[in-house]
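A short write-up of the structure that comes next.
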Amino acid sequence: MPLTAIQDYFTGDHAICYGCGSDNAHGLQVRTYWDGQYGTFHFSPQDYHTAFPGVVYGGLIASLFDCHCIGTAVAAAYEKEGRPPGSDPLIMYVTANLNVNYLRPTPMGSELMLKSHIIEQKGKKTVVACTLSADDTPCANATVVGIRAT
Ligand SMILES: CCCCCCCCCCCC(=O)SCCNC(=O)CCNC(=O)[C@H](O)C(C)(C)COP(=O)(O)OP(=O)(O)OC[C@H]1O[C@@H](n2cnc3c(N)ncnc32)[C@H](O)[C@@H]1OP(=O)(O)O
């Protein structure tokens, strides 16, 4: 697994995203570690991320999927072009579609693991699938359609 997350290569206007921007002090700080096959991200929900007692808020989960999957699309695109991550010209994707299945309540108090992989890379479009697990139990999964913006 790389030591640097794909989002850590982003600067300026590309580092202000609420989900993953390193310059956004109020953001979620999503970080995607891409190993060429999977993207991995760990997140520990805080007390204020709750929906109701003991259960993580679903909108937060959607946000984690969103930025982690877009980060996966960006990292995989650099790899496909044989270029170092973050190198110019910058590769950036935006979310066209985010589809989340909530399989069971996601417990507060556990570290969450998101694991993503590429389903399709074709033209401007990349489709990414991701599973969110707590204590090795899948709690939600998602499919994200990313469209290349730059
Ligand atoms: C360095 C990094 C920095 C990164 C800096 C940090 C970035 C963090 C990113 C966070 C993620 C976000 O929240 S991004 C913000 C939320 N998203 C947005 O605001 C995007 C708003 N929507 C748009 O701008 C537009 O609709 C686009 C760009 C998504 C698509 O418009 P378009 O360019 O006209 O696309 P178009 O040519 O028609 O379609 C291209 C392909 O995508 C498919 N497609 C288009 N829309 C959809 C859709 N909703 N659902 C499924 N598939 C779709 C088409 O079928 C086609 O597939 P085919 O025929 O080729 O098979």
Once residue 57 and residue 3 are pulled to full extension, the length gained, defined as 0.36 nm per residue separation minus their Cα-Cα distance, is 16.5 nm
Taking the Cβ of residue 133 as the center, what net charge do the other residues with Cβ under 11 Å away carry, scoring Lys and Arg +1 and Asp and Glu -1?
-> -1
Per residue accessible area of the chain, 1.4 Å probe, in Å² | 51
Relative contact order, percent, of the stretch 1-88 when contacts are C-alpha pairs under 8 Å separated by at least 6 residues?
-> 27
Give, in nm to one decimal, the length gained when the segment between residue 44 and residue 113 is fully stretched (0.36 nm per residue of separation minus the Cα-Cα distance).
-> 23.9 nm
Normalised alpha carbon radius of gyration of the stretch 1-109 [divisor 2.2 N^0.38 Å] | 1.12
The stretch 26-150, relative contact order in percent, only Cα pairs under 8 angstrom and at least six apart counted | 30
Work out the length of the dipole vector of the chain about its Cα centre, built from +1 on the beta-carbon of each Lys and Arg and -1 on the beta-carbon of each Asp and Glu, and round it to the nearest 20 debye.
-> 480
With θ set to phi - 60°, apply the Karplus curve 6.51 cos²θ - 1.76 cosθ + 1.60 along the stretch 11-24 and write out the HN-Hα couplings as whole Hz, x wherever there is a Gly or Pro.
-> 9, x, 4, 8, 10, 10, 4, 4, x, 9, x, 5, 8, 9
5 angstrom amide H check on residue 140, placed H, neighbours 5+ away | 103, 132
Roughly how tilted is helix 58-80, in degrees to the nearest 10 and between 0 and 90, from the longest Cα axis of the chain?
-> 20
Using θ = phi - 60° and the Karplus form 6.51 cos²θ - 1.76 cosθ + 1.60, what ³J(HN,Hα) does each residue of the stretch 44-57 get, whole Hz, x for Gly and Pro?
-> 10, x, 8, 3, 7, 8, 7, 9, 8, x, x, 10, 6, 5
Summing Lys, Arg as +1 and Asp, Glu as -1, what charge do residues with Cβ under 15 Å from the Cβ of residue 5 carry, residue 5 excluded?
-> -2
For residue 122 and residue 37, extending 7 Å from Cα along the Cα-Cβ vector and measuring point to point gives, in nm, a value of 2.5
Proximal lysines relative to residue 80, as straight alpha-carbon distance under 19 Å, when same-chain residues fewer than 8 apart are discounted | 122, 124, 125
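The values are calculated or read from the model by the stated rules, or taken from the named source; none is laboratory data. Since this is a predicted model, take the numbers as computed values, not measurements. With ideal geometry, Cβ positions are generated from the backbone for all residues, glycine too; neighbour counts draw on all protein chains shown. For accessibility, only protein heavy atoms count, side chains too; no ligands or nucleic acids. Shrake-Rupley method; radii C 1.70, N 1.55, O 1.52, S 1.80 Å.
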